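One structure is given below, encoded as structure tokens.
The values are calculated or read from the model by the stated rules, or taken from the named source; none is laboratory data. Because the structure is predicted, anything quoted here is derived from the model rather than measured. All Cβ positions, glycine included, derive from the backbone under ideal geometry; neighbour counts span all protein chains shown.
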Amino acid sequence: MIELYVCMGSACYLKGSTDIIEILKEELQKNNLLGIIHMRGSFCLGPCNQGVVIKVGNRFFKNVSPQNIKSLFENEIMPFIKNDAPSERTKDDDSYV
């Protein structure tokens, strides 16, 4: 299972992290990824001045907003999940290609 963390620290919270979580839930469901991606809220992920911050596997995505999350998910996160994070999948994830 691939871990996806959304920063819920104060700066990210004020910049819309709860809205981003709701949008990500929709995108994960739409792309049949609910059993492959485990999304969690997280305490501060570090670069508060570049929030909202999302961490997928070992990669950080910064300056995420409710306005750009769908595009970021499609153009950055999905390709990363498909190509760069396969070692983070478990045997149960074999149906995902």
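Please work out which residue is farthest from the chain's Cα centre (by Cα), limiting yourself to region 1-58 and to residues that are among the basic types (Lys, Arg) and farther than 17 Å from residue 78 by Cβ.
Step by step, filter region 1-58, then rank; the result is 15.
It is to be established whether one or more residues within region 78-94 are at pLDDT below 95, among the aromatic types (Phe, Trp, Tyr) and exposed (fewer than 14 other Cβ atoms within 10 Å of the Cβ).
Checked region 78-94: no residue is at pLDDT below 95, among the aromatic types (Phe, Trp, Tyr) and exposed (fewer than 14 other Cβ atoms within 10 Å of the Cβ).
Please work out which one of (1) assigned to a helix (DSSP H, G or I); (2) at pLDDT below 95 is the condition residue 39 fails and give its number.
(1)
Can you name the residue in region 42-66 that is of a type in the set (A, V, I, L, M) and assigned to a loop (DSSP other than H, G, I, E, B) and, of all such residues, is surrounded by the fewest Cβ atoms within 10 Å (Cβ to Cβ)?
Per the criteria, the residue is 45.
Going by what's in this entry, would residue 62 be described as free of Cβ contacts under 8 Å to residues at least 24 places away in the same chain and in contact with a helix residue (DSSP H, G or I) (Cβ under 7 Å, 6 or more places away or on another chain)?
Taking the combined requirement at face value, the residue satisfies it.
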